Amino acid sequence: MNQSAVLKPAASETGDLFLLTSGPLTTSRTVKASMAHDWGSRDASFVAINKAVLARLAEIVHGEGDYVTVPMQGSGTFAVEAMLTSFVPPAGKVLALINGAYGQRAKRILDIAWRKTVTHETAEDVPPDLKKVEAILKRTPSITHIFVAHCETTSGILNPITEIGALAAKYKKSYLIDSMSAFGALPIDALAIHADAVVASSNKCIEGVPGLGFVVCRRDALAATKGNATTLVLDLHDQWANFEKTGQYRFTPPTHVIVAFHQALKEFNAEGGVEGRGGTVSEQLPRAGRRHEGARF
């Protein structure tokens, strides 16, 4: 192999350089092509596409029936802020488990919203100490919520969301998860881990384009958040209530982004869903295919 071949930059199927950042990332030719058409936000065809996207996202975390997906225009952090400031009431107190920049960002969001916090912080390559977490819960009964990043993007560390969820259930705390860098690639069973809300965005492991965040919420927990939000735009309950009433967004949605996300979800399904996208052992792929046979795509 000659030197020029070695030094030639790797490129995607559309000739773009591969993006290896945490997101935005490289998208397929077909995801890009899906954005060539203009969509009216109130057109029946677009409303149907958006409805299918929201239903599929709840299915990915095994939330059918118990969970609803609330989309939020903007980057993933818009959805994180919407989740935190909608789910945590003014009198709430959050135990924030921090081992990277995104845990720190969540803490800053809560501080700006005048929400009380207690923190358990570890190094970027160290998961939360579950014994210390439980000790905090025992001595601080005023804690109402637990927040953690599933896969902390700073270092890529995977945090033990199942074990943390067990503590949330044991001490009767609401459980909020930032799964931005894991949703769609690592398995999540929201009901089994006692999650009230799981947040992610269109441009991470599903491989869509940036512009849409979303929160998969336990329906009963979401219903109890009315009046908590600190802003109009990021009010998850109000966004959800409007969808329940009209099937549409309160404010202009990123139509091209959502249609591209729909296409990306088709490709996610075709690759075997979470097991295929996450690269788990090949023997699991037939089971994944059966699981997704009923997908609305």
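For the pairs 116/173; 51/173; 226/266, flag any whose C-alpha to C-alpha distance is greater than 25 Å. Numbers along the way, then the final one.
On the way: 116/173 15 Å; 51/173 30 Å; 226/266 34 Å.
Over 25 Å Cα-Cα: 51/173; 226/266.
Of the listed peptides 244-254, 61-71, 222-232, what is their order by residue-averaged count of other C-beta atoms within 10 Å, with the highest listed first? Please report the intermediate quantities before stating the final value.
Values: 244-254: 13.3, 61-71: 20.1, 222-232: 16.1.
In descending order of packing, they fall as 61-71, 222-232, 244-254.
Separation between the residue 33 and residue 112 pseudo-spin-labels, each 7 Å from Cα along Cα→Cβ, expressed in nm?
The answer from the label model is 4.0 nm.
Using a 10 angstrom cutoff on alpha carbons, build the Gaussian network for the chain and name the most mobile of 54, 19, 234.
Maximum fluctuation in the GNM of the chain, among the listed residues, is at 19.
With viscosity set to 1.002 mPa s and temperature to 20 °C, compute the Stokes-Einstein D of the stretch 123-219, Rh being the Kirkwood radius across alpha carbon pairs; µm²/s, no decimals.
On the way: Rh = 14.0 Å.
Taking Rh from Cα pairs, D becomes 153 µm²/s.
Considering amide H positions built from the backbone, and no H for Pro or chain starts, which residues 5 or more places from residue 157, or on another chain, come under 5 Å of its amide H?
152
Using modelled backbone amide H atoms (1.01 Å from N, in-plane), which distant-in-sequence or interchain residues come within less than 5 Å of residue 186's amide H?
Residues meeting the amide H criterion: none.
Could you work out the relative contact order of the chain, using alpha carbon pairs under 8 angstrom and six or more residues apart, expressed as a whole percent? Intermediate values should be presented prior to the final figure.
Values: 560 pairs, mean separation 72.7, N = 297.
Rounded, it is 24 percent for the chain.
When the chain is treated as a GNM, springs tying every alpha-carbon pair under 10 Å, which of 76, 276, 40 comes out with the largest mean-square fluctuation?
Most flexible of the set in this elastic network: 40.
Just to be sure I follow: if Rg is taken over the C-alpha atoms of the chain and Rh is the Kirkwood radius over the same atoms, what is Rg/Rh?
Values: Rg = 19.4 Å, Rh = 19.8 Å.
Over the Cα atoms of the chain, Rg/Rh equals 0.98.
Under a crude label model (7 Å from the Cα following the beta-carbon direction), how far is residue 248 from residue 105 in nanometres?
Those two pseudo-labels are separated by 3.2 nm.
Could you tell me the distance between the Cα centroids of the stretch 187-207 and the stretch 62-91, to the nearest Å?
Cα centroid of the stretch 187-207 versus Cα centroid of the stretch 62-91: 11 Å apart.
Between residue 48 and residue 219, what is the FRET efficiency for a Förster distance of 22 Å, r being their Cβ-Cβ separation, to the nearest 0.05? Display every interim value, and only then the final one.
Numbers: r = 22 Å, r/R0 = 0.98.
Once the sixth-power term is evaluated, E becomes 0.55.
Note down the nm distance, to one decimal, between modelled labels 7 Å out along Cα→Cβ at residue 170 and at residue 130.
That separation, rounded to one decimal, is 0.8 nm.
Residue 158 to residue 91: extension gain in nm, 0.36 nm per residue of separation minus the Cα-Cα distance? Walk me through the numbers on the way to the answer.
Numbers: separation 67, 0.36 × 67 = 24.12 nm, distance 3.04 nm.
Contour length minus the Cα-Cα distance gives 21.1 nm.
Every number here is computed from the coordinates shown, using simple stated rules; none is lab data. Quick caveat, the model's predicted, so the values are computed rather than measured. Cβ atoms come from the backbone with ideal geometry, glycine included; neighbour counts cover every protein chain shown.
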